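Please read the structure below before turning to the comments.
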Amino acid sequence: MRGSLRWATLGSCLALTLGCSAVGKPNSFTFVPDFPADFTYELKAIYLPAQGETCTLPVKRDFWVSFNKPGMEYISTAEIELYRTESECPLALNHVEIKIIGVIGRDEKRSYSGYDYASFAVRPELLERQMGTFGDDGAGEFFGECQWLFRTVGPKRYITKILTCKKMDEQGNVRRGRPSTAYTLTQLSGKTVRLKVKLADEEKPAFGDTWVKVPGGWKRCMGKGFEDQDAFCFGNYEDFSTFKMLDERVCTIYPGCTENKEETQ
């Protein structure tokens, strides 16, 4: 009799799809970033009314919890709830958005960061072909490759970079779109989700026809002069400009700059 009552209670709980995801099962999972050096992340967990609920949230249609936003204490891993109740409305996790942040020149006088996004959907049910998988250790992984795209800014042509991240499969093949996957609420209970990001071996120009490939790297086309911010080559592959690195070196080839520090014009 006790066994029958236990399974009846469990069935009712699953049918309601509320905060009792399943009797005795954890109401959270752990997100773990596996990123290159000098990469960090911010995360937003987005919730909507649980399946079958007709309640609404005041003012906005969804609710979210943020991790590692500016001003917050940085945490290396995030413990994310599957179910919450806000304004007496039972909510279920619907989407997780990860901001992948790369920092350049952390120890230099000048520094900056670039970012792109990864995400995964969370649903009560998914087709099997849409679902991410978990290993025997309770960990699921999805993959991405991030690449720095370089350009110059300002009349002194300081090097700056744009970060772009693409989906990658388990075999290391880069795919279209940003890193992403999907899980069910039941799958995630008590599990670990790891986003593994590698950095591309080479950087590339952010815009076409602005740099010329040479031994050791790339040369920046002069354009109409240092005041020409676009400075497209337009077929002129003989007149090049210098540019400045973050440590103030004036260089002629990126990234293979061997020049010493000096003042530019």
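Values in this text are rule-based calculations from the coordinates and carry no lab data. Keep in mind it's a predicted model, so treat the numbers as computed, not measured. Don't worry about glycine lacking a Cβ; one is built from the backbone with ideal geometry, like all the others, and counts go over all protein chains shown.
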List every residue whose amide H lies under 5 Å from the amide H of Val193, counting only residues 5 or more places away in sequence or on a different chain, with H placed 1.01 Å from N in the peptide plane. Thr30, Phe31, Val32, Gly140
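Classify the chain as rounded, prolate or oblate from the Cα gyration tensor: take a ≥ b ≥ c as the square roots of its eigenvalues, call it rounded if a/c is under 1.5, otherwise prolate when a/b beats b/c and oblate if not.
On the way: a/c = 3.13, a/b = 2.72, b/c = 1.15.
Judged from the Cα gyration tensor, the chain comes out prolate (a/c at least 1.5, a/b above b/c).
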Within straight cross-link reach of Lys156, meaning Cα distance under 26 Å, which lysines are found once same-chain residues fewer than 8 apart are removed? Lys109, Lys204, Lys213, Lys219, Lys224, Lys244, Lys261
Per the helix-only model, the chain has a calculated mean residue ellipticity at 222 nm (DSSP H runs of ≥4, -39500 (n - 2.57) each, divided over all residues, rounded to the nearest 500) of -2000 deg cm²/dmol
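For a Förster distance of 45 Å, can you work out the FRET efficiency between the beta-carbons of Glu128 and Glu238, rounded to the nearest 0.05?
0.15
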Calculate one ³J(HN,Hα) per residue across segment 181-191 by plugging θ = phi - 60° into the Karplus curve 6.51 cos²θ - 1.76 cosθ + 1.60, and present them in order as whole Hz with x for glycine and proline. 6, 8, 9, 9, 4, 5, 4, 6, 4, x, 9
Computed from the mean reciprocal separation of all distinct C-alpha pairs, what Kirkwood hydrodynamic radius does segment 127-265 have, in Å? 17.8
As I understand it, the value is the acute angle between the Cα axis of helix 2-16 and the longest principal axis of the Cα atoms of the chain; what does it come to in degrees, rounded to 10? 50
With the contact rule set at Cα under 8 Å and sequence spacing of 6 or more, what percent relative contact order holds for the chain? 18
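P(r) tail for segment 207-255, what percent of Cα pairs lie past 18 Å?
Every Cα pair in segment 207-255 considered, those over 18 Å come to 25 percent.
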